[in-house]
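Encoded as structure tokens, the structure appears first; notes follow it.
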Amino acid sequence: MEKVLVQEGESVSAGQPIALVGQRGVALGPHLHLEVRLGENSYLSTQNPNLWVRPDEGYGVIAGRVVDVNNFYVPQQLITLHRADNPNKFWRQTRTYPDHRYTFDPQWGETFTFGDVPVGEYLIKTTFDGKTCSVPVTVTNQSLVFALINSMNNEQ
């Protein structure tokens, strides 16, 4: 970061520059790592930026939670995102948050997100005990859609 342009606690507006990107440390090129912290300035207070940054026109965000048969969060679970018109080929993948490393948002209780997803129809898939679970989602313009995945979402 070359320079911070706002102060902690300051209100900002959409489109307002908050910092200047630099090339310090071991970065190979100018870039920005965005981190959101709520409550206190601690790694234990981080939130997923995909929940806080409004998507560009024509895009949305998928957030979700993966739970097992006992309704416990499943850490490090592979999640694949498929376009509904091509359900056998994954388009993107991620993993659920590791235990005790990231804090989910108290309103959403998410354990994974996909940001910058084009508007459209998708399937979110994961595998429990050799069984594929699938949940359909519709991404709408500049919004967030939430999906709950559990072992009851088995494909037929």
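The values are calculated or read from the model by the stated rules, or taken from the named source; none is laboratory data. Not measured: the values here are computed from a predicted model. With ideal geometry, Cβ positions are generated from the backbone for all residues, glycine too; neighbour counts draw on all protein chains shown.
Structural remarks
- Residue, farthest from residue 113 (Cα to Cα), within the range 29-72, restricted to residues that are out of contact with any Asp or Glu (no Cβ under 8 Å at 6 or more places or on another chain), assigned to a strand (DSSP E or B) and modelled with pLDDT under 90: 37
Results for (1) touching a Lys or Arg at 6+ places or on another chain (Cβ under 7 Å); (2) surrounded by 15 or more Cβ atoms within 10 Å (Cβ to Cβ), shown as yes or no for each residue.
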position: 55; (1), (2): no, yes
position: 60; (1), (2): no, yes
position: 64; (1), (2): no, yes
position: 68; (1), (2): no, no
position: 72; (1), (2): no, no
position: 79; (1), (2): yes, yes
position: 85; (1), (2): no, no
position: 93; (1), (2): no, no
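- The residue of the range 111-141 that is farthest from residue 75 (Cα to Cα), among those that are crowded, with 20+ Cβ neighbours inside 10 Å and hydroxyl-bearing (Ser, Thr, Tyr), is 122.
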